[in-house]
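Every number here is computed from the coordinates shown, using simple stated rules; none is lab data. All figures in this text were calculated on a predicted structure; none of them were measured in a lab. A quick note on method: Cβ atoms are made from the backbone with ideal geometry, for glycine too, and the neighbour counts reach across all protein chains shown.
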Amino acid sequence: MNDYGILSILPPIIAIILALKTKQVYVALLFGIWFAWIIMSGWNFLDGTLATIEGLVDVFKSAGNTRTIMFSALVGALLLFIQYSKGVEGFVNKLNVLIEYFEKKQSGFSRVVVQLLALITGVLLFVETSISSLTVGTLYRPVFDKLKIPREKLAYIADSSSAPSSIIIPFNAWGAFIMGLLLTQGIDKPFSMLISSIKYNFYPFIAILIVFIVIVSKKDFGPMAKAEKRTKETGKLLSDDAKPMISETITSYEPKKGIKAKAYNMVIPLATMVIMMPINLAYTGWGKVENYNSFSDHLSQAIGNGSGSSSVLYSVLASIFVAMILYRSQGIMKTKEMVDLVLKGISELMPLALLMMLAFAISDACNQLG
């Protein structure tokens, strides 16, 4: 293996700088990948370019990468399902009742309550960070817009609750990955070790605590304070130069007309996804456990040996399947409508799937650089 020295850290650094300067994440990542392969090709631009293409193709040689890209796209189908079925509308109607109640108690307090609910939802959706962020955005966007809370605040709450919750509640791909690392270090009971170490993960607790303090204190600073001021003075929920990475369609899909809005059409599919995650972790790791003392020991070891990417993919597919049965039994959707929604949802989240592919590709290239 060649030693590229300091050159090995240039591609990711250049990609980060380009992303920050140009706001073009796809271009920045692709350039970083290309630059890495140019280095490994001895500065031969033709060979480096062709190697870049092959590097992108090789992403799919990894089953884990392929599963991750698949569930990143399939979650779009789930989001369209819960909107088209008026499940989200039913949920929003419940929130509106809460808003009216708290507004009568104290003017402006409803803003605090809704933001806290978004935070709690993000924490509870611990299945996968991007899924959590997208779902929180989809569920709370209508209410945040109604209360004139800037989209930046919603994005901050969604992001700062999703990643930390994945660390604090380890029944997800991240937990499976960490337990896998513990197993390679000779730890016999990785699940117990991981659980006991959670209290030392200061970042996720501090991140969630800061969000809580910002919400309750109503004190914003820096760019967030500017965003709040802009929305209050102009009514603009997004800044003029904002470039959302996810299309408006995926988070504000028009619901089907002529049906009743029922919150359980949203709650049941999402609950299925969350509940199935630890079950799938145990299932995918069950046969890998050789020595155990009891059922609980077998279960904890199975979760530690489970496949994170497989479990997330199976959980998303299970939630989509349950949603299909739920909506079909109520006569909300026909089979053709459901198939069309699945394809539409996948197509709308292709940018996210592409982003995942590029992220895996630059990771592979940097690993080969050393």
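Observations on the model:
- Of the chymotrypsin sites (Phe, Trp or Tyr not before Pro) found in the range 112-158, not one falls in a DSSP loop while having at most 10 other beta-carbon atoms within 10 Å.
- Stokes-Einstein diffusion for the range 186-226, with the hydrodynamic radius set to the Kirkwood value over Cα pairs and evaluated at 10 °C in a medium of 1.306 mPa s, equals 125 µm²/s.
- For the range 253-338, pairs of C-alpha atoms spaced more than 22 angstrom apart make up 43 percent of the total.
- Those lysines that a straight Cα-Cα span of less than 17 Å connects to K21, excepting residues fewer than 8 apart in one chain: K243
- Helix 109-124 axis versus longest C-alpha principal axis of the chain: approximately 40°, rounded to the nearest ten.
- Estimated FRET transfer efficiency when R0 is 35 angstrom, pair N93-F202 (beta carbons, to 0.05): 0.35
- Convex hull per residue volume in Å³, alpha carbons only, for the range 152-255: 167 Å³
- Taking only Cα atoms of the chain, radius of gyration then Dmax in Å: 22.3, 70
- FRET E, pair S363, L116, Förster distance 35 Å, beta-carbon r, rounded to 0.05: 0.45
- Fully extended contour minus Cα-Cα distance, from S247 to K232, at 0.36 nm per residue: 2.9 nm
- Too-long pairs where the Cα-Cα distance tops 27 Å, listed order kept, from K232/K256; K23/K86; K94/K148: K232/K256; K23/K86
- Largest GNM mean-square fluctuation across P351, P170, P244, computed for the chain with C-alpha springs under 10 Å, falls on P244.
- Span from the the range 258-298 Cα centroid across to the the range 101-178 one, whole angstrom: 21 Å
- Residue order, fewest to most surrounding Cβ atoms within 10 angstrom, among W34, W43, W286, W174: W43, W286, W174, W34
- The chain: calculated mean residue ellipticity at 222 nm from DSSP helix runs of at least 4, using -39500 (n - 2.57): -25000 deg cm²/dmol
- Among L358, L134, L116, the ranking by other beta carbons within 10 Å of each residue's beta carbon, starting with the fewest, stands as L116, L358, L134.
- Prolate/oblate/rounded label for the range 197-307 (Cα gyration tensor, a/c 1.5): oblate
- Of the trypsin sites (Lys or Arg not before Pro) in the range 1-105, those whose Cβ has at most 13 other Cβ within 10 Å and which sit in DSSP loop: K23
- Contact order relative to length of the chain, as percent, for alpha carbon pairs under 8 angstrom and 6 or more apart: 30 percent
- A simple spin-label model places the labels of M350 and S294 5.3 nm from each other, with each point 7 Å out along Cα-to-Cβ.
- FRET efficiency estimate (nearest 0.05) - Cβ-Cβ, L209 to K104, R0 22 angstrom: 0.15
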